[in-house]
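Taken together, the values in this text are just the output of simple stated rules run on the coordinates, not laboratory data. No experiment lies behind these values; they were computed from the predicted model shown. Here the Cβ positions follow ideal geometry from the backbone for every residue, glycine too, while neighbour counts run over all protein chains shown.
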């Protein structure tokens, strides 16, 4: 039941993203862009003023948190700062803000990241040691740009792939030399995981074979990480293998910096009963840790496993991370030292909220019941992401009165210590107006 519902939701997401991008087409066809954009932001500001009364407070002289984001955030850490990015109602569609480890929001009004002509949606972000690489879905493919740690956007926008058959989520992982951008290409009877390599200078490289999953088949929800020890990436995804969405499994494939695919059309990471979906992956320095949403118990739970650098799955049956009542979905993971923080969208109490658990390098789950990360600043809090840096984990997520990822919402952030203590209650609003 949940797998079918999730497939329906994926179709709604694709339709919703197409709707957002179609809006950018209207602007290009002569709908007064300045007037339309200004009206949208003014309308959203009015909504934010009302919604702010539910608990978001003022920060650093900025009067009002504003609900101008769509479809949740992504976050990375580099050069002493967190960098959160999101889809925005304003021109360009991709905005972000930097946050210091002490919780200071450096760009309260947001930085316009997409400086191109077409709007973008659903960004991802990674740091290569010098630049943040931000990539996103566009009307004609997948685009991206580099951003300096001081917030300067380094153009031009590069096109990772030119096609009207790509859809997200788009993800990116970076080595010091190469960033690997992953996405899904759809055909009449298949969806396939592809990748594109981009140099540290923003140059898109040609690669003879860019296909990571088997076809004809339905594969989606790819995520990736960089293994600095073996100088390769691991890409993971949800794969139906001809069995339908109710039986989707988690698969993976390793890719070298030069584009060499090491595992053919992928290897199984989890083949449990029911559907496994929306995976995420992190290299710990010793193993890969992979997490996903799992329907084996009839209710979506969070499971994970460890995978060696050689691609050996150490717990083929999976490790339960959260099996609470209600649905647990959309997990994300970040690592430091001997532990990772796994965060997810949790409905054990009814509304959407963000929960987390610490997961040890040895496979032990330190918080089997989980702990709440979002604290009800907004009635619905969902679509989390997490990064580690500056001695803390930083969890970002969407906050809204009524759950609708395509309607404007707030972007919130909370720092979490190694001891699972929350440093920001209420959460930090990441977008303000003066």
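Miscellaneous remarks
- Taking 138, 206, 175 in turn, the Gaussian network model of the chain (Cα-Cα springs below 10 Å) assigns the largest fluctuation to 206.
- Choice from 226, 292, 359 showing the highest fluctuation, given a GNM over the chain with Cα pairs closer than 10 Å: 359
- Calculated FRET value between residue 314 and residue 263, using beta carbons and R₀ = 22 Å, to 0.05: 0.85
- Take each peptide in 81-87, 384-390, 182-188, count the other Cβ atoms within 10 Å of every residue, and average; sorted highest first, the result is 81-87, 384-390, 182-188.
- You can think of it this way: the chain between residue 199 and residue 159 has 13.1 nm of extra reach, that is 0.36 nm per residue less the Cα-Cα gap.
- Between the range 361-419 and the range 279-344, the Cα center-to-center distance that results, in Å: 16 Å
- Contact order relative to length of the range 2-433, as percent, for alpha carbon pairs under 8 angstrom and 6 or more apart: 13 percent
- Ratio Rg/Rh, restricted to the range 75-142 and using Cα atoms, in which Rh is the Kirkwood radius: 0.98
- The range 341-434 shape via C-alpha gyration tensor axes, a/c threshold 1.5: oblate
- Additional length obtainable on full extension of the chain from residue 207 to residue 361, 0.36 nm per residue less Cα span: 52.0 nm
- Förster radius 41 Å - calculated FRET efficiency between residue 246 and residue 79 (Cβ-Cβ, nearest 0.05): 0.40
- Calculated FRET value between residue 337 and residue 273, using beta carbons and R₀ = 25 Å, to 0.05: 0.15
- Available extension along the chain between residue 229 and residue 148 is 26.6 nm, counting 0.36 nm per residue and deducting the alpha carbon span.
- Helical content alone sets the calculated 222 nm signal of the chain at -3500 deg cm²/dmol, taking -39,500 (n - 2.57) per DSSP H segment of four or more residues and averaging over every residue.
- Take 417-424, 109-116, 161-168 and order them by the average number of nearby Cβ atoms within 10 Å per residue, most first; the result is 109-116, 161-168, 417-424.
- Selected from 407, 189, 273 as most flexible by GNM, with the chain as the system and alpha-carbon contacts under 10 Å: 189
- Over the C-alpha atoms of the chain, the Rg to Rh ratio, Rh being the Kirkwood estimate, stands at 0.93.
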